[in-house]
1. Kindly check whether there is at least one residue in the stretch A:279-302 that is within 19 Å of the chain's Cα centre (by Cα) and acidic (Asp, Glu).
2. For the stretch B:319-374, give me the residue count where each residue is in a helix (DSSP H, G or I) and within 13 Å of chain A (Cβ to nearest Cβ).
3. For the stretch A:238-253, check the following and say yes or no: at least one residue is surrounded by fewer than 20 Cβ atoms within 10 Å (Cβ to Cβ), free of Cβ contacts under 8 Å to residues at least 40 places away in the same chain and within 24 Å of A:Asp66 (Cβ to Cβ).
4. How many residues does the stretch B:108-129 contain that are surrounded by 15 or more Cβ atoms within 10 Å (Cβ to Cβ) and touching a strand residue (DSSP E or B) at 6+ places or on another chain (Cβ under 7 Å)?
5. Do we have any residue at all in the stretch A:219-229 that's within 22 Å of the chain's Cα centre (by Cα) and of a type outside the set (Asp, Glu)?
6. Taking the stretch B:261-317 as the region of interest, how many residues are more than 27 Å from B:Ile362 (Cα to Cα), in contact (Cβ under 8 Å) with a residue 60 or more places away in the chain and touching a helix residue (DSSP H, G or I) at 6+ places or on another chain (Cβ under 7 Å)?
7. Which of the residues spanning the stretch B:259-279 are surrounded by fewer than 21 Cβ atoms within 10 Å (Cβ to Cβ) and either of a type in the set (Gly, Ala, Ser) or modelled with pLDDT of 95 or more (or both)?
Amino acid sequence: MRIHALASASLAIIGTTSAFIDDTRDLKWNTLDGKKTQLVGHRGEKAFMPEHSLGSYWQAALEGADFIEPDLTLTKDGHLVVNHNEWIGDLTNAKEIPELQKYRRNLTWTDDDGTFHDIKNEYFIHDMTLEDIKKVRTHQANMTFRPQIYNGYFGLLTFEEYLQTIRELTVKLGRPFGVIPELKSPKLYNTNRTYSRYFEDRAIITLNHYGWAKITKKINTAAHKDLKLAPVKPLPAGTKVGPSVWQCFDQDTAKYLSSHTDVPVVALNENTPAFFTPKGLDQVAKYAKIVSPWKDFFVTGAEAYLKSQNITWDPKEIKRLGGFIAPDQLAKEIHKRGMTISPYTFYDSHQNMLYLCQDPSIKPASRSGFCPKNKTEEFFYFFDQGMDYMFVEDIVEANVLRILYANKLENQQRKGYYAA
Amino acid sequence: MRTNDIAVAILSLVGLSAAFIDDTRNLKWSTLGGKKTRLIGHRGERAFVPEHTYASYWQAALEGADFIEPDLALTRDGQIVVSHNLWLGETTNIRDIPELQKYKRNITWPDSSGHVYELTNEYFIFDMTLEDIKKVRVMQSDVEYRPQIYNGLFGLLTFDEYLSTMRELTVKLGRPFGAIPELKMPKIYNMGRPYPRYFEDRAIITLSHYGLANITGNIDKSQHSDLILSPVAPLPAGSALGPAVWQCFDQDTSAYLANNTDVPVACTRRCHASLLHTQGLDAVAKYAKIVAPWKDFFVTGAEASLKAKGVTWNATEIAAMGGFIAPDQLVKEIHSRGMEVCPWTFYNSKESLSYLCQEKGIKPASRSGFCPKDKTEEFFYFFEQGADYMFVEDIVEANILRTFFANKLENKQNQRLDS
């Protein structure tokens, strides 16, 4: 293969094509706005790269994700760091760094929704400073189909660095990427701070600084004078920036973010029985624009899933709230209340899909009795149901499936078009 | 997001789904075999990761390439390494390595097309040992949309390591990947060797060692006992290896590879008129199974492409041979001789398409006057023409376009069923 260096140089200004190949057919999807389902890169592209690393975000962007997801945590000295867990020993080399061994301990805590955590012999982000955290290097989970070749290469990023990266990707790749930060364990991160909304307000100030949030109700900015954010260079003229969305499992924090910014909020949930009833959804609609359940609530259904997690409920109370919504009706009920839907998580096809109904003794509770046999069936079901967003790993596969589905829609919507 | 670690462990034995989502619709393409066009990862996935690195090959595989391409070079001590260029100054950090500075020099040489290369202040692979070459680290080209975050992380591989990687990917990802090694500059790499087919034979022995080639001629293996070959573990039951194809610009080497192995050969050409008239194709058909021309031969056409490279020809001779084949007839002529077509290279959409017809004043020579305005038009044209393979960069985009085109085919082919 010859290099066409000269040809490239001289023709560089002639006929350069537009960015990422997009499917621009005017098709009507079952989503709330009728547009195609949006793909959210789960922790970037964690199927191929160590999650939440710079490589993971580049990867997700190059593969065509619509949104790229960071999880937010808080260090002892008040820096927002992107990491999924509240601890770092499992996915970094923290165990091998002598000066970090003093942080190793056990911790228990309970989330707002009642989830109890009991973590032993770990290194907790809220015990460490940013300087400590910056010493570690991340690695990929131990799965044979995931390349292990970037282990030890990337470090952890701050929320600011994540936002700068999204801006950089937007400019370099010439298309917008949505930001969708999830605040992890707010009750834990607000412990021993100057006041009880410290974590939320720091995240709000940072997102606002990068032009992705307007503050609609007064927050305690005085408490955050120590937060030094980098100057933000203006973007090139005509740059289209992606949307922003908040996420949280803690509904109290979700409400706070909703009332203090103009950024829509995702209510995440997988263990509150009331959430999956008609009256329960009515309450959620008061503060959330997007509902994000574990995907099996749409397939095997609420009762089976909650039971599998040993979560109990008062049958009378659930009945009063309208009873559990059947899994194949859940999407309709959410859309009916003007909210969009973003289930999680859809894995690389080498991994188990994790539906309880795959266990023959557990029947799906939907009238259709649907249980996907493979990833294609899974994706087509969720597209049919009208998912507005899907949290995905292996964005390459997700994109191909989305295009195959779009063709199915086109066949349905244009039957007879070519015959005429 | 909660992790479902325990659930993963328990259910890991239940209901595992198939590997990479493939488009299995039973459609008829215009390729020679009627199956879909195959995508070849050009030097791996060089649009995203430094070319010809272990990571580039993983990347191409994860993105769903059908073939993954290595370029073969030969060190001073006779080991085969994977590198596009004969020189390393452009794509690696070699200038920063003190002990390798003694290799820096200038050279000029003509290749088999008569094109003269002149390189100054460079570090040549055939001057260095494998140990020297293993010191360097690869850098991504300075192209804005390409991540610069892997620079200096990866080194160069041997052909043996590339083949090992193909097996690893086949097993770990659960699908076969084709190996399509290109022997670069055989005349140069065979200089100063014990005999003039030294390079070809080393490549043949290596490919055969990995079960991807049967040796059909007489090769003197005694000359190659120092060739480093790793032990090859048997594949798990049910694994299938991908196919193998040789490539070479040097037609003499191409014929040799065709005569001494059972591996099909792709005749690669850029600066030669031989692929562009019927007699030339007849000659190539004697040893090649695949024809791999620069893509503009199919769009702007022969005369413009050759002229742009400063290649001259005897007009009377060409006329006597029936003239140059029109660009939109070239695939048909190649297919009619039982050969497949494999044009190169199709770039990421942020780069120029690089067709001469994009320049004012140069008209496409095909009757249709076709000149692609964007990557979608480009790909659909080549799919419609029946390109059997395409060398691509940004395999994500290529795969998407192939899926779109399959949709178009399905619409057309279903319509006939509906009536």
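1. So in the stretch A:279-302, the residues within 19 Å of the chain's Cα centre (by Cα) come out as A:284, A:287-298.
Adding the requirement that they be acidic (Asp, Glu) leaves A:296.
The answer is yes; a qualifying residue exists.
2. Filtering the stretch B:319-374 down to residues in a helix (DSSP H, G or I) leaves B:319-320, B:327-336, B:356-358.
Within this subset, residues satisfying the condition of being within 13 Å of chain A (Cβ to nearest Cβ) are B:356-358.
Number satisfying all stated conditions: 3.
3. Yes, some residue in the stretch A:238-253 is surrounded by fewer than 20 Cβ atoms within 10 Å (Cβ to Cβ), free of Cβ contacts under 8 Å to residues at least 40 places away in the same chain and within 24 Å of A:Asp66 (Cβ to Cβ).
4. 7
5. In the first step, residues of the stretch A:219-229 are kept if they are within 22 Å of the chain's Cα centre (by Cα); the result is none.
Scanning the stretch A:219-229 turns up no residue that is within 22 Å of the chain's Cα centre (by Cα) and of a type outside the set (Asp, Glu).
6. Adding up the residues that qualify gives 0.
7. Correct list: B:Asn259, B:Asn260, B:Asp262, B:Pro264, B:Ala273, B:Ser274.
For (1) in contact with a Gly (Cβ under 8 Å, 6 or more places away or on another chain); (2) surrounded by fewer than 19 Cβ atoms within 10 Å (Cβ to Cβ); (3) farther than 26 Å from B:Ile180 by Cβ, each residue gets a yes or a no:
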{"site": "B:Gln358", "(1), (2), (3)": "yes, no, yes"}
{"site": "B:Arg367", "(1), (2), (3)": "no, yes, yes"}
{"site": "B:Cys371", "(1), (2), (3)": "no, no, yes"}
{"site": "B:Lys375", "(1), (2), (3)": "no, no, no"}
{"site": "B:Phe379", "(1), (2), (3)": "no, no, no"}
{"site": "B:Glu384", "(1), (2), (3)": "no, yes, no"}
{"site": "B:Met390", "(1), (2), (3)": "no, no, no"}
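The values are calculated or read from the model by the stated rules, or taken from the named source; none is laboratory data. Every value quoted in this text rests on a predicted model; they were computed, and no experiment measured them. Reconstructed Cβ throughout: ideal geometry from the backbone, glycine too, with neighbour counts over all protein chains shown.
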